[in-house]
Amino acid sequence: MRILVFGAGVIGSVYAANLLRASHEVTLLARGRRLEDLRTHGLILDNAESGQREVWPVAAVDAPAPDGEYDLVLVAVQAEQFSATLPVLAALRDSVDVLFFGNTIGQSLQLRDALGRRALFGFPAVAGARHGDEIRYGLVNQQQTMLGEIDGTISDRVRRLRTIFRESGFSTTISTDITGWLIGHTAFVVPIAFALYRAGTDPARLAADRHTLRLMVRATRQAFRALGEKAQMPLNLRTLYRLPTAIVAGYWSRALAGPAANCGSLGTAAPHRRRCTP
């Protein structure tokens, strides 16, 4: 499959590398210093959990080729940048599927209206930080790569993408309510983000602050109660949040004290720290 990855940050880089490993033809779209680094040094990844370091030669461009024969464009940019990609995406062939890979709540209809049936939506299960020309990352083991059509159908193309991501090493599932899933993700991550801001974005400091952790747990429960059926909560989280607050807070204390927290790997939720230490 010929894939253009629009955005060469942590998410775009990790998914691009795994797709390359699975023998897909991948081009990374980047700008500025990142583009220069990719062309000079290749795609450099450092797995924070295993310590494995990989270097992948990769085609890197600052704009899609005018006659680019892509089968898929994976848009892995920050949430506030999705709409800015539309002029470039609209100029591509009408047969190219476009997967917006991130939380598009508040933008999904605009993106769908701009691209029509070409637009797909999903969410990654990777987090990390960039250090110069290297990406240090961790997989979000509690979360799967999510895919979905905005109308909830399980189309052939979504099934095909699920197979491609699974063969590339990502645990992947299809949602029949991707909007509800993204709303649920927002309800889950916002309390974590605010709790981390309160702790100076230091996961270890938050891990030791049981009072703030309990507030965070209660805020998450309140968010899901307020949203009701609009939000889809994954089974593992539903099970966790049925437990007493003290037990849930203890779980997050252990998670925040672990190495994955330093790579922003708590549901890719919190403000990612510049450091990503083992």
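The values are calculated or read from the model by the stated rules, or taken from the named source; none is laboratory data. Bear in mind that the values here come from a model prediction, so they are computed numbers and not experimental data. Virtual Cβ from ideal backbone geometry, glycine too; neighbours counted across all protein chains shown. Heads up: the accessible areas ignore ligands, DNA and RNA and are worked out on the full protein's heavy atoms, side chains in. Shrake-Rupley method; radii C 1.70, N 1.55, O 1.52, S 1.80 Å.
Laid out as a table, the results:
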| item | result |
| --- | --- |
| Qualifying positions in the stretch 115-136 - open to solvent by less than 10 Å² (accessible area, probe 1.4 Å), over 13 Å from the mean Cα position of the chain (by Cα) and of a type in the set (Gly, Ala, Ser) | ALA119 |
| Only listed residue being assigned to a helix (DSSP H, G or I) and open to solvent by 70 Å² or more (accessible area, probe 1.4 Å), chosen from ARG93, ARG33 | ARG33 |
| Pairs with Cβ under 6 Å, 6+ apart, first in the stretch 72-92 and within 11 Å of THR104 (Cα to Cα), second part of a loop (DSSP other than H, G, I, E, B) and open to solvent by 20 Å² or more (accessible area, probe 1.4 Å) | ALA79/ASN103; PHE82/GLN107 |
| Residues of the stretch 84-123 satisfying the condition of being touching a helix residue (DSSP H, G or I) at 6+ places or on another chain (Cβ under 8 Å), of a type outside the set (A, V, I, L, M, F, W, C) and more than 16 Å from ASP71 (Cα to Cα) | GLY102, ASN103, THR104, GLN107, SER108, GLN110, GLY122 |
| Top-ranked residue in the stretch 48-71 [being without any contact (Cβ under 8 Å) to a residue 40 or more places away in the chain and of a type in the set (Asp, Glu); ranked as farthest from GLY148 (Cα to Cα)] | GLU54 |
| Answer from THR163, THR104 - the residue that is part of a loop (DSSP other than H, G, I, E, B) and either at pLDDT 95 or above or surrounded by 20 or more Cβ atoms within 10 Å (Cβ to Cβ) (or both) | THR104 |
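One line per residue, one yes/no per condition, for (1) at pLDDT below 95; (2) of a type outside the set (A, V, I, L, M); (3) open to solvent by 30 Å² or more (accessible area, probe 1.4 Å):
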site: ILE3; (1), (2), (3): no, no, no
site: PHE6; (1), (2), (3): no, yes, no
site: VAL14; (1), (2), (3): no, no, no
site: SER23; (1), (2), (3): no, yes, yes
site: LEU38; (1), (2), (3): no, no, no
site: ASN47; (1), (2), (3): yes, yes, no
site: GLY51; (1), (2), (3): yes, yes, yes
site: VAL55; (1), (2), (3): no, no, yes
